[in-house]
Amino acid sequence: MFTNQKGMFEIVAKDVMGRIGKIETPHGKIETPALMPVINPNMEFIEPSKLVKIGAEIVITNSYIIYRNRRLREIALKKGIHKLLNVNIPVMTDSGSYQLMIYGDVEVSNREIIEFQKRIGSDIVVPLDIPTPPDAYYETAKRDLEETIKREREAVEICNGNFLLAIPLQGSTHWDLRRYSAKKASEIGGDLYAIGGIVPLMDSYRFDDAVKAVLEAKKYLPPSKPVHLFGVGHPMVFAMFVALGCDLFDSAAYALYAKDDRYLTPYGTEKLKDLQYFPCSCKICSDYTPEELRRIDKKEREVLIAEHNLIISFEEIRRVKQAIKQNELFELVEMRIRSHPYLVKAWRIVKHYFDLLEKYDPSAKQKFFYLGIESLMRPAIKRHHKKVLNVEIEKDEIVISSDLGVRADYYLKPVFGVVPAEMLEIYPAGHAEMPDNIEREAYEMAVEALKIFIEKNKKNGKKIKIILNDDWRKYLSEYEI
Ligand code: GUN
Ligand code: ZN
């Protein structure tokens, strides 16, 4: 392998479970989160120089397609994969597993396709994993996974050379198998992990199961290595999956969607036939109106839509990175999930993985915008509740007020509960912006924390005086004063 050495993946910024990192490859460093456009080796679609200009730092292609085609194979073996594709940036090569999933069979062995990827100079090599579809019989999923694991061990054995090795994770929708796959993968080694078998979930809008597959894996994957999410290329979900710790995405979506006149946006897909106006100002969308684009010849139109699709996909990746830099990834995800009810459903699943979120999410931030009840999952809130319980109190009587205009030791705030006067100006409670007609869940969460606070302090012999306004009274009638 290119490196088992330290520093192959360098993390430079973090937010939620996401990170900005640098991966060192034989063809230079790339910054993550990264989107790898899929290049079809049979047919140039958007020229590579344009891909780079739009923002690609790395591309992905399918080594099995090259292996099976005599002309392509000879060029690749003679000149290398970079010359074949006419790129000088890193190239990841997939193994034919996708064909295995679609056709149920491939005419190559794991060893052969790995050796081939090595010989053509791939930067990131993928073994021939078996992508078991969702809802497969447990025994089938387990058998497939054991075979995948065997092939990964073989891959590590074969691998010596100037490239990185990706270890795919499978397990269908059996969560214990997803965990097992991650555990085994981290034992096996490799340079990065690639979560597979996700495409059918995404195609059927089962975002919640895709989220589970990622989080069950993240429980056991070492945080020091990059994670690729195979086949996920819709910009609408980048923020969410980056927030869950995915670093690499690949997109055939930009081209596949363009083929049937589907126009990508960061909040969903539009059919070109339905558009009167473009919600975008990229080169394509400024040069044409939807009506003009519809009148263009199919082949040419396809390239133009693909170009727009790619532009907004990279734009979204940059937006996600900026959100990480500013520790505003929660806010971005909570906006993005509102594009589709099943995304809301998927994100709500994350609260069942609170320990994981808490483990990764940085505690030092500046901003807390409450954007709906999903904001209640943020670790900053629970951390605040805990912190307040640990504040030493010297006085015998504690005054708590829901009214900021009254002198008190503690103030009440929806979501956060009790906030010591000296914490009124600091993150998170002091920096939190929320609507004053906030949901009842936000009050209930605060009341829960308040009750624990009262209990603890009463036990310690403190007298507690609470001054409540009407907003609070209905939630706290038993404490009315
Ligand atoms: N492309 C999309 N899904 C997968 C997968 O599960 N494995 C591999 N190797 N490639 C994929
Ligand atoms: Zn556009």
Any hit, the range 211-224, residues being part of a strand (DSSP E or B), touching a residue at least 24 places away in the same chain (Cβ under 8 Å) and either closer than 24 Å to Glu10 by Cβ or of a type in the set (Ser, Thr, Tyr) (or both): no
Hits in the range 77-109 - residues which are within 11 Å of ligand 1 (Cβ to nearest atom), touching a Leu at 6+ places or on another chain (Cβ under 9 Å) and either among the charged types (D, E, K, R) or assigned to a helix (DSSP H, G or I) (or both): Ser97, Leu100
Filter result for Tyr205 (away from ligand 1 (no atom under 15 Å from the Cβ), at pLDDT 95 or above and within 13 Å of Gly171 (Cβ to Cβ)): no
Residue within the range 421-444 that is on the phi > 0 side of the Ramachandran plot and assigned to a strand (DSSP E or B) present: no
Subset of the range 228-254 (residues that are surrounded by 23 or more Cβ atoms within 10 Å (Cβ to Cβ) and either of a type in the set (Val, Ile, Thr) or assigned to a helix (DSSP H, G or I) (or both)): Val232, Pro235, Val237, Phe238, Ala239, Met240, Phe241, Val242, Ala243, Ala253, Tyr254
Lone unmet requirement of (1) in a helix (DSSP H, G or I); (2) of a type outside the set (Gly, Ala, Ser); (3) touching a residue at least 24 places away in the same chain (Cβ under 8 Å) for Leu371: (1)
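To keep it simple, each residue is scored yes or no on (1) without any contact (Cβ under 8 Å) to a residue 40 or more places away in the chain; (2) over 29 Å from Lys14 (Cα atoms); (3) not charged (D, E, K, R).
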| residue | (1), (2), (3) |
| --- | --- |
| Pro290 | yes, yes, yes |
| Asp297 | yes, yes, no |
| Glu300 | yes, yes, no |
| Ile311 | no, no, yes |
| Glu316 | no, no, no |
| Arg319 | no, no, no |
| Asn327 | no, no, yes |
Matching residues in the range 208-220 - criterion: being buried (at least 23 other Cβ atoms within 10 Å of the Cβ) and within 16 Å of ligand 1 (Cβ to nearest atom): Ala210, Ala213, Val214, Glu216, Ala217
Answer from Leu343, Leu357 - the residue that is part of a helix (DSSP H, G or I), away from ligand 2 (no atom under 16 Å from the Cβ), in contact with a Pro (Cβ under 6 Å, 6 or more places away or on another chain) and touching a residue at least 60 places away in the same chain (Cβ under 8 Å): Leu357
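The values are calculated or read from the model by the stated rules, or taken from the named source; none is laboratory data. Everything quoted here is computed from the prediction, not taken from an experiment. Methodologically, a virtual Cβ is constructed for each residue, glycine included, from the backbone with ideal geometry; neighbour enumeration extends over all protein chains shown.
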